[in-house]
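Input: a single structure, listed below in structure tokens.
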Number of protein chains: 2
Amino acid sequence: MSESVKNSESSIDSTKTKPKILLIGFGGVGTIVSYTLEHLGRAEVVAVARPSNFEQLSNRGYRIESCDYGTIENYIPSHVTLTSEEAMEKYGPFDYIVITTKNIPDIAPVVDMLDDCYDDKTTIVLIQNGINTEIPIYKRYPKACVLSGVTLIGTTLYDTTVKHVATDDIKFGPFINYNIDKQYQINKCKEFFNLYSNSNNKAEYEENVKLTRWRKLVYNTCINTTCAIVNLDVGRVELFGGADSILRPAMKEVMEVAKSEGIELPDDLPDDMIRGTDGVYYPPSMLIDVRNGTYIEHIVIIGNVVKIAKKKNIEVPTLTVLNNLLKLIQYRLMEANGRFVLPERRPTAEDHYEIRFLD
Amino acid sequence: MSESVKNSESSIDSTKTKPKILLIGFGGVGTIVSYTLEHLGRAEVVAVARPSNFEQLSNRGYRIESCDYGTIENYIPSHVTLTSEEAMEKYGPFDYIVITTKNIPDIAPVVDMLDDCYDDKTTIVLIQNGINTEIPIYKRYPKACVLSGVTLIGTTLYDTTVKHVATDDIKFGPFINYNIDKQYQINKCKEFFNLYSNSNNKAEYEENVKLTRWRKLVYNTCINTTCAIVNLDVGRVELFGGADSILRPAMKEVMEVAKSEGIELPDDLPDDMIRGTDGVYYPPSMLIDVRNGTYIEHIVIIGNVVKIAKKKNIEVPTLTVLNNLLKLIQYRLMEANGRFVLPERRPTAEDHYEIRFLD
């Protein structure tokens, strides 16, 4: 099922027009993805920056300290805009729209980001966690070609410096949209892979997207969530007895749901994942989110797994409780971020109170 | 099953010697319990104070602002000692040892508190949450007479002031030790009840201790735990959808375990409990513990329920996950309180590392 495509280090033939790529989500991952695509002259990146980062990114750029690429003093992408609408007007249409934001459908649905910049010849690349993230895009754009990028990368944006500490180990493959030609999607993915792969990163073309995604879910659905709920890193959860009491039972449930999706995962995967960060007390991304008070990706990481299980009558008691707790935690984060304001007195049953979200 | 014993307001006959009571746990609850026992001249209380409170309590006392008793400027119990050993030497043996500490067997087992002050004529009164709290005492003292006090009281010690805001609604009954005469235990309980009950509090004698305790567990096992895990008060858990997704399923499980113990609880109990604090955003005690960084009573509140369920093969999937998460949270609190120090690097599997607790 797996196919590896070798790619030379050379730049794309300079007589051809470079592919134009819109990149949404210029954080730790996004910056490395952008630099990867641009530094060999293979592509031209248009970055959509947040208002708070716009001035810095467009004039002085970010400093990158990368285990893959060394130190780059001032990386500025080819173009920087404030909105995807502006990007489309000035530089569109795009060959690719690469999304490297968090995937938080309850806060900022990815599909909404496409409305101002998507063209029916554009390929969408989701470099994001989770499962079924392509579905909302197919629903709105039934003929969309969407690619999957699953990365194991250690990279964080601190103010204006990106510290990239663990190599970009990324697997690309096409989500398959059955409304359009399969080979077209495969070709588009190989094309993008060729823009991305180089001798410094560990990019791979892996056609079995489901395998790649479910494999990572075993980690994210169980370890990320548990660490976030109890506010402990992976090492501590393990040392305090959580590997046997929660992680393994949860992982078993994920692997069973994966199996129902045709994905057989090896029995030693849980142990590999629990032990994968031996030597350091590793805080997974969802734990960092909770500690920083930023939103969690619980819907695509665990919610969608529970949904599939429910539909198929697979019992996932551990995941169900973790998921329901995370929903409450996301509300806590929303309230703290001012997404809604509760009445001063707790409403009674007779009040039939419903939370009103502010925009 | 329930029996109410009426008690007059009068002091005990002053020609008799007053019962001597050792009180361990001079916090919000302990202070009110002590004042209740002493203010009508019915009993003589010896308080074991923490070193940090000793000077204040023995010389200036605590200020009490009580919804039941009004304001008492300086309440000093009859005697104050630093240890139960000192108390025994100077004032023992005791008619009663009343324990109003938190019940945290993983940190400070209640039975250990008895070793220096228990005499085989002493009756032990546990005014504490949880289930099976009498068992460790029977194990060490097979002929012990242990009484149960279950209180719904709102009282907190702030520095040197006790704010008592919700009336002392307390039910006493004898745990039954089958190694000793049942009637003796009933008599002892009625005797203590007569010392305690007055026209200001809502003390009740309730022989069915199991009913009283399991009823309160429906609240504590489910609401206290969930609020503590997600760091939200009861109102917010309910408004954010947690009543249906977690509280009710958990409560159903507790009620099933209660049933297996011969305790039938009414079907409308969950709703009563979820709605019981309408009008205020009430933070249950375990949530306050987590917010303050103090230890949680998870073993007696939920751990022992899960243990019973396991022994009887009753499925409690929700409680199991909540319990396992709380175990991790207690370790987090222990580390924060300096109970152990982890190695700088996360140990590997080969290290076979085990946590060493400091005393």
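The values are calculated or read from the model by the stated rules, or taken from the named source; none is laboratory data. Since this is a predicted model, take the numbers as computed values, not measurements. FYI the Cβ positions are ideal-geometry reconstructions off the backbone, even for glycines, and counts take in every protein chain you see. What goes into the accessible areas is simple: the full protein's heavy atoms, side chains included, and nothing from ligands, DNA or RNA. Shrake-Rupley method; radii C 1.70, N 1.55, O 1.52, S 1.80 Å.
Summary of values
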item	result
Scope the stretch A:201-215; condition in contact with a strand residue (DSSP E or B) (Cβ under 7 Å, 6 or more places away or on another chain) and open to solvent by 40 Å² or more (accessible area, probe 1.4 Å); matching residues	A:LYS202, A:GLU204, A:GLU207
Filtered residue count, the stretch A:310-321, keeping only those that are touching a residue at least 12 places away in the same chain (Cβ under 8 Å) and facing chain B (nearest Cβ under 7 Å)	2
Test result for A:ILE301, in contact with a helix residue (DSSP H, G or I) (Cβ under 7 Å, 6 or more places away or on another chain), touching a residue at least 60 places away in the same chain (Cβ under 8 Å), at negative phi and buried (at least 20 other Cβ atoms within 10 Å of the Cβ)	yes
Every pair of residues 6+ apart whose Cβ atoms lie under 9 Å, when the first sits in the stretch B:230-256 and is touching a residue at least 40 places away in the same chain (Cβ under 8 Å) and at the interface with chain A (Cβ under 7 Å from one of its Cβ atoms) while the second is among the basic types (Lys, Arg) and buried (at least 21 other Cβ atoms within 10 Å of the Cβ)	B:GLY235/A:ARG346
Single condition B:ASN198 does not satisfy, out of (1) more than 24 Å from B:ASP268 (Cβ to Cβ); (2) in contact with a Leu (Cβ under 7 Å, 6 or more places away or on another chain); (3) surrounded by 23 or more Cβ atoms within 10 Å (Cβ to Cβ)	(3)
Every residue from the stretch A:272-293 that is without any contact (Cβ under 8 Å) to a residue 60 or more places away in the chain, in contact with a Leu (Cβ under 9 Å, 6 or more places away or on another chain) and either more than 23 Å from B:PRO343 (Cα to Cα) or within 11 Å of another protein chain (Cβ to nearest Cβ) (or both)	A:ILE274, A:TYR281, A:GLY293
Residues located in the stretch B:322-359, provided they are exposed (fewer than 13 other Cβ atoms within 10 Å of the Cβ), facing chain A (nearest Cβ under 7 Å) and not in a helix (DSSP H, G or I)	B:ARG345, B:THR348
Output for the stretch B:138-156, where each listed residue is part of a strand (DSSP E or B) and either acidic (Asp, Glu) or over 15 Å from the mean Cα position of the chain (by Cα) (or both)	B:CYS145
